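Reviewing the structure listed below.
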Amino acid sequence: MDFDSTEQSRSKRTKLEEHAPPLDFLTRLPRELVLEIFSKLPVSSLVNFMYVCRSWRSLAQDPSIAPHLSSITKTNQCLIFHCDTPIRSQVCFADFNSSPGNIQKVTTLLPIFTSSMPEFDVVASWDGVLCLFDSLIGDKLYLYNPFTNFFARLPQPVRHPNREVVIGFGFVQKTQEFKVVQIINTNPSKDSPKQKVPPSSKTLILSLGSSKWRDIGEVGYHFVQCSSQIIVNGRLHWVTQPRNRCSALVSFDLTNEVFELVQKPCSEALKKYEYHLLVIKGCLSAAFYCRQGRLEIWVMKNYGVKESWTKEFSIRKHVPNGLTENELDCWGMKFMKTMSRARGVRAVCVLNNGEILLEYKGKALATYDPTKRKFKDLQIQGIPKWFQVVHAGSFNWIDTLPSS
């Protein structure tokens with residue numbers, strides 16, 4: 001009896017498999033229907049779609065499909081996290097739909113080249129394409145799209161032992177090319193610490209498709225690596241290392257390859273150095289950590305016009321779940337690595353629904369509604385213990401970049 005039952009089950013399963021649609025059934029559907037299906041999928045499903053089989057990946061890269069996929073993903077917000085584990089670095093992402101409560105669990109992505117570069121820093125990003133720098137030896141530099149798993153190793157960066165290296169990365173609309181900027185801060189002689197040596201940094205440029213870095217000379221500043229990529233008006237932006245408790249705001253024009261000083265507002269807050277940069281509605285913005293844990297966000301409404309700086313938000317102190325007030329106010333070595341200039345809190349971006357995304361000590365996330373003046377702690381399943389948000393917004397569906 002048991003034998004007959006087993007045979008019947010096998011027979012039924014065989015018949016079901018014979019009538020089941022083939023795995024590549026999507027490739028046989030009309031393109032209009034495929035696009036309709038794609039438009040209903042969350043970001044995580046679109047990413048997983050690429051790894052089901054070769055035919056599905058080819059479908060996603062089809063010239064008649066890929067541009068529409070790119071436009072779909074442009075309207076979907078997501079978060080990309082960088083985290084360090086005791087053994088290797090990781091990149092994670094999570095869907096971030098119109099309502100913060102719709103965040104899905106974190107998906108961990110391990111680039112296939114991590115065996116040769118187990119520990120890395122995400123030093124720059126452009127539209128979801130990340131620039132990864134070897135944090136152990138400093139001899140490797142990769143571009144990596146975590147959504148398509150495409151990567152490209154760039155020519156070895158110029159190495160200068162015991163000198164801080166700052167990396168920038170962006171796209172030049174006029175020439176339709178990607179550029180990577182490598183800034184090497186000078187290291188004044190330790191033999192004469194009392195001698196005043198003016199700051200300077202060596203600057204090198206790499207245009208993707210080129211095999212060599214170009215030396216474009218020195219600039220009279222020491223730069224600080226941003227906690228996220230700041231590109232406004234075709235320019236990269238950095239905060240300089242403080243001198244006499246003050247720092248400068250400097251831009252680099254990716255087209256003309258020149259540095260310029262950006263005028264800060266006439267505010268005591270931004271005359272100091274405890275601020276970090278972000279982009280709000282396409283405008284250069286700066287968030288300053290004030291007394292009693294308050295965060296002020298200034299926005300440059302008209303780029304290059306000093307008088308257009310406006311204090312747009314004033315956010316009171318908030319201690320999210322899982323953190324204590326003492327943890328929020330003190331500095332930690334792990335937090336220092338994120339290079340946030342805002343003590344315990346970093347304003348990441350303004351979401352599509354108008355709420356402000358805040359990162360606390362690389363351990364917690366919250367949103368702030370400036371209209372209702374209310375906070376909402378974000379609980380994300382699987383989020384790493386320590387993390388840094390390196391990208392928040394839409395992402396790029398490109399699967400290729402100019403070869404270097």
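Among residues of segment 31-42 that are assigned by TED's automatic domain parsing to the domain that holds residue 58, those with a beta-carbon under 6 Å from a residue that is acidic (Asp, Glu) and surrounded by 12 or more Cβ atoms within 10 Å (Cβ to Cβ) at least six positions away or on a different chain give the pairs 42/95. The residues in segment 186-224 that are at pLDDT 85 or above and of a type outside the set (S, T, N, Q) can be counted, and the count is 17. Among strands (runs of 3 or more DSSP E) entirely within segment 229-337, having at least 3 residues that are modelled with pLDDT of 90 or more, in contact with a Cys (Cβ under 8 Å, 6 or more places away or on another chain) and of a type in the set (A, V, I, L, M, F, W, C) singles out 275-280.
The values are calculated or read from the model by the stated rules, or taken from the named source; none is laboratory data. Given the structure is predicted, the values throughout are model-derived calculations rather than measurements. Positions of Cβ are backbone-derived with ideal geometry, glycine not excepted, and every protein chain shown enters the neighbour counts.
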